[in-house]
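The values are calculated or read from the model by the stated rules, or taken from the named source; none is laboratory data. In this text the structure is predicted, and so the values were computed from the model without any measurement. All Cβ positions, even for glycine, are placed from backbone atoms using ideal geometry, and neighbour counts span all protein chains on display.
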Amino acid sequence: MSASGRIIKEFRRSPRPIRLLGASGQLGYGIPAVSFRAGIARKPDLIGCDMGSIDIGPTYLGKGEMATSPEATRRDLRRVLLAARGLDVPLVIGTAGSAGAGPHLDATLAMIRDIAHADGLSFRMAVMRADIARPVLLEAVRSGKVTSFDGMPDLTEEDVTEASHIVGQMGMGPFRHALAADVDVIVAGRACDTAIFASLPALLGFPVGLAMHMAKIIECGSLCCVPGGRDPILAELDHDGFVLESMNPERRATPISVAAHSLYEQSDPFTMQEPDGTLDLSRAQYEAVDDRRTRVSGATWRDTTAPTIKLEGAIKVGERAVLLCGSADPRFIAQCKGLLPKVADLVESLVCEEQPMDYTLRFRVYGIDGVRMVVPENEPPPGEVFMMGECIAPTRERASEVVRTCKQFLLHFGYPGRLSTAGNIAFPFTPPEVSLGPAYRFNVYHLLHVDDADALFPVEIETV
Amino acid sequence: MKLSDIAQVIRSKNAGPRRLTLDIIFGSDADYQRVAQSPGLGAENIGRLYRVPAEQVTIIPYPVGRAIKIVMARAIMAGDPGDLDVYGAQQHAPLLGIEI
C-alpha cells in the first residue's frame with residue numbers, strides 16, 4: 001500500500017488530530033535544513049510544498065521556464081522527497097515549476113524521476129496537468145462560459161489562440177482523487193496553494209473551513225510568525241481548530257501575527273473565494289497556546305454551487321533589450337525627464353530610416369520615477385540617477401539595434417547649459433546593452449465557469 | 001505625528017496582478033484605534049495620495065490583526081510593458097508621511 005492509502009486507512013480506523021508540514025512556500029529557493037529536520041522529527045502525516053504563483057509575472061508562464069535555478073530546485077525536491085519516503089507519508093507539490101504549465105510540470109517531473117533513480121527510490125506518483133486545452137476554452141468563450149474580473153477586458157478567441165500557455169488553477173477535487181488513488185507523491189501543475197494542504201484533511205472528514213484556513217497560512221511556511229521567515233511550519237488540525245508552530249524556535253506564531261497573515265496578498269481578509277467554495281474568516285479566533293504557538297478556530301466554509309476556475313495565460317509581446325546607465329550631472333538630472341523623449345525621437349529618426357516604427361522605447365529614471373507608480377510633485381533632485389532604457393521590438397536584433405543606438409546618442413546628446421561635453425552618462429560596465437529575450441504580458445486572467453471542474457484536471461498515475 | 005511613527009508594518013503587494021493592496025499593522029490596540037479613526041486613512045486622502053478616485057479605494061479595518069487594509073486597482077497590470085513594480089512591493093511610500 002502506498003502512503004496516501006496507508007494514511008487514509010489509519011485515520012478511518014482510529015481518528016486523531018492530523019499533522020501537516022508546510023515545508024516551503026516557494027520550493028527552489030532553499031529549505032532551511034535544521035528547521036526542516038525538526039519538522040520531520042515531529043512525524044507529520046503529510047509534507048506539502050507550494051512551488052509557484054502568478055506573482056512572479058507573465059514571462060515564466062509564457063516562456064515555460066522556472067523562476068528558480070535547476071540546482072536549487074533539485075536540491076529542495078530531493079530534500080522533501082527523501083523525507084516523505086523516509087516517513088512513508090504523502091508528499092504534495094502544487095504549481096510545479098513556478099507557473100504550473102506543461103513545460104514547468106515536465107521539468108519538475110524529470111527532476112523527480114532523476115532523483116528517484118539516483119537515490120534508489122521507488123514510489124507511486126500522481127500527476128495533474130493544469131493546461132486548459134484550447135478547443136475547450138474556445139468553445140467556452142463562444143458559449144459565454146468565460147467571464148472577466150478585476151477590470152480585465154473580455155477574453156477573445158484571439159487571446160486563447162495566441163497565448164503561449166494557458167493554465168487553470170485547480171482546487172481540491174483533483175488532489176482528493178489523487179490521494180484516493182493510493183499514491184506516495186502528488187505533483188500538480190497550476191493549483192490553488194490551499195488545495196495542497198486542505199485536500200487530505202477534507203478527504204478524511206475534517207471541517208473544510210478549518211482545513212482551508214490552515215492551508216492558507218501554512219502554504220507560506222513561517223511567514224505568519226514574528227519574525228516571519230521561510231522555515232517549515234507544522235499545523236496540527238482537529239475537528240475544532242488547529243495549532244500552528246514554526247519549526248524554527250526563533251519564530252513565534254502569535255495570535256496577532258497569525259491573524260495579520262490573513263491580510264497577506266489578499267484583497268479581503270474575511271472572505272476568500274476558492275474554486276470549490278468560499279472561506280469565511282469573519283468569526284475566526286486566534287488564541288495563544290504558549291509563547292510560540294497559536295490555536296486558530298472559527299473559520300467556516302460554503303461549498304459552491306457553480307464552480308469557477310481561474311485562468312492564467314501569457315502572450316509574447318516582443319523581444320526585450322535594456323540599456324543600463326547612470327548620471328551624476330545636476331544639470332542633466334534636472335532636465336533628463338524632458339531630454340529622454342528627445343533622445344528617443346532622435347533614435348527613431350535613425351533606426352526608422354528604412355524601417356517602420358515597430359518598437360517601444362521607454363525610460364525609467366531611478367532616483368526620480370523608476371519605482372513609484374505615483375510620484376509627488378516638487379521633490380528635490382537626487383545627486384545621482386540610474387537610468388534604464390527598455391526596448392521591446394519584434395526581433396532580438398531590432399531591440400538590440402534600438403538600445404545600442406540609444407546608448408550612443410544619450411551619451412552625447414547636447415542640451416542647454418551642458419558642461420560635461422565628454423559624455424552625459426556613466427556605464428557600470430560595457431556592453432551596457434543587454435538582451436533579455438522574449439517579453440510577455442498576461443492576456444488571460446479570467447474565470448471559467450464549469451459544471452465539472454475536476455474533469456479539466458485528470459489524474460495520471462505513474463510508477464517511478 | 002506621522003503614520004510611520006506609529007505603525008509596526010506599512011507594506012504593499014499585489015492581490016492578483018490587477019490590484020494593489022496596502023497593509024498597515026499596529027503594535028497595540030490603542031495605536032490601531034487611534035489611527036482607525038483618522039481621516040488621514042480615509043478613502044478621500046488615500047485616493048488623493050495615489051491619484052485614484054476615492055470611490056475606487058477600499059479601506060478594510062481588520063481589528064483582530066490590529067490592521068487596516070487598503071485595496072485599489074493597479075494602473076498597469078503586473079508585468080505588462082511599462083510596469084514599474086511587478087510584485088507591487090514598493091508602493092507603500094505615499095502612506096509613510098500621512099499625518100495622524
**Complete:** In the range B:72-91, anything crowded, with 19+ Cβ neighbours inside 10 Å and either of a type outside the set (D, E, K, R) or more than 30 Å from residue A:438 (Cβ to Cβ) (or both) is listed as B:72, B:77, B:78, B:79, B:88, B:91
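Quick grid of which residues meet (1) over 34 Å from the mean Cα position of the chain (by Cα); (2) polar (S, T, N, Q); (3) at positive phi:
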| position | (1), (2), (3) |
| --- | --- |
| A:381 | yes, no, no |
| A:387 | no, no, no |
| A:391 | no, no, no |
| A:397 | no, no, no |
| A:402 | no, no, no |
| A:405 | yes, yes, no |
| A:410 | yes, no, no |
| A:413 | yes, no, no |
| A:418 | yes, no, no |
**Request:** Could you please give the count of residues in the range B:60-85 that are without any contact (Cβ under 8 Å) to a residue 24 or more places away in the chain and facing another protein chain (nearest Cβ under 7 Å)?
**Result:** 9
**Item:** Among the candidates A:410, A:340, A:350, A:361, residue that is at pLDDT 95 or above and part of a strand (DSSP E or B)
**Value:** A:361
**Message:** Can you list residue pairs whose Cβ atoms sit under 6 Å apart, with the first residue in the range A:101-128 being outside any helix (DSSP H, G or I) and the second being among the aromatic types (Phe, Trp, Tyr)? Count only pairs 6 or more apart in sequence or on different chains.
**Reply:** A:128/A:457
**Prompt:** Of (1) surrounded by 16 or more Cβ atoms within 10 Å (Cβ to Cβ); (2) in a loop (DSSP other than H, G, I, E, B); (3) away from chain B (no Cβ under 14 Å), residue A:370 satisfies all except one. Which?
**Reply:** (3)
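For residue A:79, state whether it is more than 14 Å from every other protein chain (Cβ to nearest Cβ) and out of contact with any Phe, Trp or Tyr (no Cβ under 7 Å at 6 or more places or on another chain). If you could, list the steps in order and put the result at the bottom.
On the way: more than 14 Å from every other protein chain (Cβ to nearest Cβ): yes; out of contact with any Phe, Trp or Tyr (no Cβ under 7 Å at 6 or more places or on another chain): no.
No, not satisfied.
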**Request:** Specify the residue that is farthest from the other protein chains (Cβ to nearest Cβ); the eligible residues are those in the range A:373-396 that are touching a residue at least 24 places away in the same chain (Cβ under 8 Å) and among the charged types (D, E, K, R).
**Result:** A:384
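Could you go through the range B:44-59 and let me know if any residue there is touching a strand residue (DSSP E or B) at 6+ places or on another chain (Cβ under 7 Å), closer than 30 Å to residue A:297 by Cβ and free of Cβ contacts under 8 Å to residues at least 24 places away in the same chain. Talk me through it step by step, then tell me what you get.
Of the residues in the range B:44-59, the ones touching a strand residue (DSSP E or B) at 6+ places or on another chain (Cβ under 7 Å) are B:46, B:50, B:52, B:56-59.
If we keep only those that are closer than 30 Å to residue A:297 by Cβ too, we end up with B:58-59.
Subset that is free of Cβ contacts under 8 Å to residues at least 24 places away in the same chain: B:58-59.
Yes, the conditions are met somewhere in the range B:44-59.
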**Asked** On the given criteria, is residue A:141 of a type outside the set (D, E, K, R) and in contact with a strand residue (DSSP E or B) (Cβ under 7 Å, 6 or more places away or on another chain)?
**Response** no
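Would you call residue A:364 within 30 Å of residue B:12 (Cβ to Cβ), touching a strand residue (DSSP E or B) at 6+ places or on another chain (Cβ under 7 Å) and either at the interface with chain B (Cβ under 10 Å from one of its Cβ atoms) or among the hydrophobic types (A, V, I, L, M, F, W, C) (or both)?
Details: within 30 Å of residue B:12 (Cβ to Cβ): yes; touching a strand residue (DSSP E or B) at 6+ places or on another chain (Cβ under 7 Å): yes; either at the interface with chain B (Cβ under 10 Å from one of its Cβ atoms) or among the hydrophobic types (A, V, I, L, M, F, W, C) (or both): yes.
Yes: the conditions hold for residue A:364.
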**Asked** Failed condition for residue B:39, given (1) closer than 25 Å to residue A:227 by Cβ; (2) more than 9 Å from every other protein chain (Cβ to nearest Cβ), with all others met?
**Response** (1)
**Complete:** Of those in the range A:315-356 that are surrounded by 13 or more Cβ atoms within 10 Å (Cβ to Cβ) and among the polar types (S, T, N, Q), the residue farthest from residue A:164 (Cα to Cα) is A:335
**Message:** When you scan the range A:341-352, do you find a residue that is away from chain B (no Cβ under 14 Å), over 32 Å from the mean Cα position of the chain (by Cα) and closer than 23 Å to residue B:89 by Cβ, even just one?
**Reply:** no
**Request:** Consider residue A:389 carefully, then state whether it is of a type in the set (Gly, Ala, Ser) and out of contact with any Leu (no Cβ under 8 Å at 6 or more places or on another chain).
**Result:** no
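State the number of residues belonging to the range B:80-96 that are in a helix (DSSP H, G or I) and in contact with a helix residue (DSSP H, G or I) (Cβ under 9 Å, 6 or more places away or on another chain). Even if it seems obvious, please write down each step before you answer.
Looking only at the range B:80-96, we keep the residues that are in a helix (DSSP H, G or I), and these are B:93-96.
Those left that are additionally in contact with a helix residue (DSSP H, G or I) (Cβ under 9 Å, 6 or more places away or on another chain): B:94-96.
Residues flagged as in a helix (DSSP H, G or I) and in contact with a helix residue (DSSP H, G or I) (Cβ under 9 Å, 6 or more places away or on another chain) within the range B:80-96 amount to 3.
Regarding residue A:67, is this residue without any contact (Cβ under 8 Å) to a residue 40 or more places away in the chain and more than 24 Å from residue A:462 (Cα to Cα)? Spell out how you get there, then give the answer.
Numbers: without any contact (Cβ under 8 Å) to a residue 40 or more places away in the chain: yes; more than 24 Å from residue A:462 (Cα to Cα): yes.
In short, yes.
Taking the stated definitions as given, is residue B:13 within 8 Å of another protein chain (Cβ to nearest Cβ), assigned to a strand (DSSP E or B), within 14 Å of the chain's Cα centre (by Cα) and touching a residue at least 60 places away in the same chain (Cβ under 8 Å)? Give the derivation first.
Working: within 8 Å of another protein chain (Cβ to nearest Cβ): yes; assigned to a strand (DSSP E or B): yes; within 14 Å of the chain's Cα centre (by Cα): yes; touching a residue at least 60 places away in the same chain (Cβ under 8 Å): yes.
Yes.
Tally up the residues in the range A:233-291 that are β-branched (Val, Ile, Thr), under 27 Å from the mean Cα position of the chain (by Cα) and surrounded by fewer than 18 Cβ atoms within 10 Å (Cβ to Cβ), please.
Our first condition is that a residue be β-branched (Val, Ile, Thr); within the range A:233-291, this holds for A:233, A:243, A:254, A:256, A:258, A:271, A:278, A:289.
Applying the additional criterion that residues be under 27 Å from the mean Cα position of the chain (by Cα) yields A:233, A:243, A:254, A:256, A:258, A:271, A:278.
Among the residues that remain, those that are also surrounded by fewer than 18 Cβ atoms within 10 Å (Cβ to Cβ) are: A:271, A:278.
Looking only at that region, the number is 2.
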